[in-house]
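Report on the structure given below.
The values are calculated or read from the model by the stated rules, or taken from the named source; none is laboratory data. Computed from a predicted model, the values in this text were never measured in an experiment. All Cβ positions, glycine included, derive from the backbone under ideal geometry; neighbour counts span all protein chains shown.
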Amino acid sequence: MSTSAPTLPPIAFIGGGNMASAIIGGLIRRGQPAGQIEVVEPLESARAMLAQQFGIAAQAAPTAALARVGLVVWAVKPQTFKEAAQQAAPHTAGALHLSVAAGIRTASIAQWLGSERIVRAMPNTPALIGQGMTGLYAASGVGAQERALVEQVIATTGSHLWVEQEPLLDAVTALSGSGPAYVFYFLEAMTTAGVDMGLTREQARQLAVTTFSGAAELARRSSETLAQLRQRVTSKGGTTHAAIESMEADQIAQRFMRALDAAEHRARELGDEFGSAA
């Protein structure tokens, strides 16, 4: 519960799915009244969930109520952004716009909305528990106070990082936006290996998950490089050395980097495919 009065303007969300819910939950925890949050969500079940969780009466389509908001958060899928923007644009001319849609570039958003006050964000799913990482890029029409407003909103979901060139958001998408899936992928493999070695699935999962979270926290706190931290655990001729040598023989690092290149390439493709300003 917030101990001070909220300083944020009314905020609208176009799209009421998981990422919108993560931000809405954080805003309400910091003191933003549910009555100061507008949501447009076509899916009836999602509207019912928003009402149950947050007491928000979401609308199925944009209405004139959007005209009162100071910030619009675009939490829609890339393939539906253009249509959603064209429906809402008549009501949002005075607002700052924050997009969390992967790949859709500011030039397209500006064309659809008739505004240059646009910030693009690439969050990730740990935002659902307040441990997210969000990359941010501001178009030239966004001022310092508007950047600060975006930071206040994003802070409810975790940490953030600004990039000053829009194409770098594709790299952010590949590293942190898609990143949780890579972690879960490795955790699955570690858990399955543990089961194959005789542990129960519950034991293997606990060992894998706690090891990942602990190692990540150690890396966050340490001033040493990641290579130095790895070398501290890797005694020559020991068990870790055997595992690392096996991974290097299989070129795991190179294959993994190629996978991230594929994710970055797909982010660019999304902008090309769904971001036409025509």
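Please find, among Leu260, Leu207, Leu175, Leu270, the residue that is in contact with a Gly (Cβ under 7 Å, 6 or more places away or on another chain), surrounded by 12 or more Cβ atoms within 10 Å (Cβ to Cβ) and under 30 Å from Thr80 (Cβ atoms). If you could, list the steps in order and put the result at the bottom.
On the way: Leu260 fails: in contact with a Gly (Cβ under 7 Å, 6 or more places away or on another chain); Leu207 fails: under 30 Å from Thr80 (Cβ atoms); Leu175 fails: in contact with a Gly (Cβ under 7 Å, 6 or more places away or on another chain).
Residue meeting the stated conditions: Leu270.
List the pairs whose first member sits in the stretch 35-53 and is under 15 Å from Gln87 (Cβ atoms) and in contact (Cβ under 8 Å) with a residue 40 or more places away in the chain, whose second member is aliphatic (A, V, I, L, M) and buried (at least 18 other Cβ atoms within 10 Å of the Cβ), and whose Cβ atoms are under 6 Å apart, counting only residues at least 6 apart or on separate chains?
Val40/Ile14
Give just the number: which of (1) touching a Phe, Trp or Tyr at 6+ places or on another chain (Cβ under 9 Å); (2) surrounded by 21 or more Cβ atoms within 10 Å (Cβ to Cβ) does Lys82 not satisfy?
Checking Lys82 against (1) touching a Phe, Trp or Tyr at 6+ places or on another chain (Cβ under 9 Å); (2) surrounded by 21 or more Cβ atoms within 10 Å (Cβ to Cβ), the one that fails is (2).
Looking at Val72, Val142, can you tell me which residue is crowded, with 22+ Cβ neighbours inside 10 Å and modelled with pLDDT of 95 or more?
Working: Val142 fails: crowded, with 22+ Cβ neighbours inside 10 Å.
Just one listed residue meets the conditions, Val72.
Do any helices (runs of 4 or more DSSP H) entirely within the stretch 157-267 hold 1 or more residues that are within 30 Å of Asn18 (Cα to Cα) and not assigned by TED's automatic domain parsing to the domain that holds Val100, and if so, which? Please lay out each step first, then the result.
On the way: elements: 168-172, 179-196, 201-221, 226-233, 239-249.
Qualifying helices (runs of 4 or more DSSP H): 168-172, 179-196, 201-221.
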